[in-house]
1. Which whole-angstrom value gives the distance between the alpha carbon centres of the stretch 78-145 and the stretch 166-222?
2. Can you give the longest run of the chain that contains no GluC sites (Glu not before Pro) sitting in a DSSP loop with at most 16 other Cβ atoms inside 10 Å?
3. Given the -39500 (n - 2.57) contribution per DSSP H run of 4+ residues, what per-residue ellipticity at 222 nm results for the chain, rounded to the nearest 500 deg cm²/dmol?
4. What's the exposure ranking of F210, F122, going from fewest to most Cβ atoms within 10 Å?
5. Enumerate the amide H contacts of G190 below 5 Å, restricted to partners 5 or more residues apart or on another chain; note that Pro and chain-start residues carry no placed amide H.
6. So how strong a dipole does the chain carry about its Cα centre when Lys and Arg Cβ are +1 and Asp and Glu Cβ are -1, to the nearest 20 debye?
7. Tell me the relative contact order for the chain as a rounded percent, counting alpha carbon contacts under 8 Å between residues six or more apart.
8. Pick from Y80, Y18, Y65: which is most flexible by mean-square fluctuation in a GNM of the chain where alpha carbon atoms under 10 Å apart are linked?
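Rule-based calculations on the coordinates, nothing more; no lab input. Just so you know, these numbers come straight off a predicted model, no measurement behind them. When we count neighbours, we look across all protein chains shown, and the Cβ atoms used for this are built from the backbone with ideal geometry, even at glycine.
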Amino acid sequence: MKECVFDLDGVITDTAKYHFAAWKKLAADQLTLQLPAEFETELKGISRIDSLIRILNWGKIREHYNDQQIADLAAQKNDYYLKEIANLTASDILPGITTLINQLQEHDIQLSLASASKNAPFILKKLGLDDRFDAIADPAKVAHSKPAPDIFLEGAAEINLPPAECIGIEDAVAGIQAIKAAGMPAIGVGDPHELRQADEVVTSTAKLSFVLLESVWRRVNS
Ligand code: G16
Ligand code: MG
């Protein structure tokens, strides 16, 4: 194992609640839709535009919006989201993540980020983690979003390492599928049944460690 590829939302920090608050406001104010709570989980790891299209389809109003209107709505959601995350600090890093990063770097493991979020560099900076990562895969550069493997393959390619030398960490089903499709062992953070396609699932980021990642990587590659 030479590289660990991290998802952002749900693994490094919990931005899902802020995404959901922004989508809820957009839906209520501009679409006169009341989004049910299930959307918080359903939109995890899903790109901004794909999330909006899911919401419009759910509200059965997709055909009322052209591409330009969809782009404008997505930009409006991002304005709401940026307000929500304005006060993010290092105290918003999920438990165990800073320790894990320290352990991985002590073992010369490269770190990369494979987030669907175009705000990822800004968020890492707010968390004080931007200088800890060797690469941030740019979601604007990849053709297909999760569950396609593209963003995880990009995370490996940016460090010039083959996927077989990497391990991925994700909290979303689509993300686990993306890691596996990239040919990497997958660690899930969350519900073991929901994330059963992962090679190992921990119920909290506090349970992640270099020793666990290394043993899963060896087991999958043996
Ligand atoms: C995150 C969130 C998604 C969000 C996506 C795009 O994914 O889980 O809900 O829609 O990023 O974010 P943005 O609108 O900031 O570009 P990930 O891959 O970090 O879990
Ligand atoms: Mg996530």
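1. 18
2. 39-193
3. My calculation for the chain gives -12500 deg cm²/dmol from helical runs alone.
4. F122, F210
5. Under 5 Å from the amide H of G190 lie the amide H atoms of V202, T203, S204, each far enough along the sequence or on another chain.
6. About 400 debye.
7. The value is 25 percent.
8. Y65
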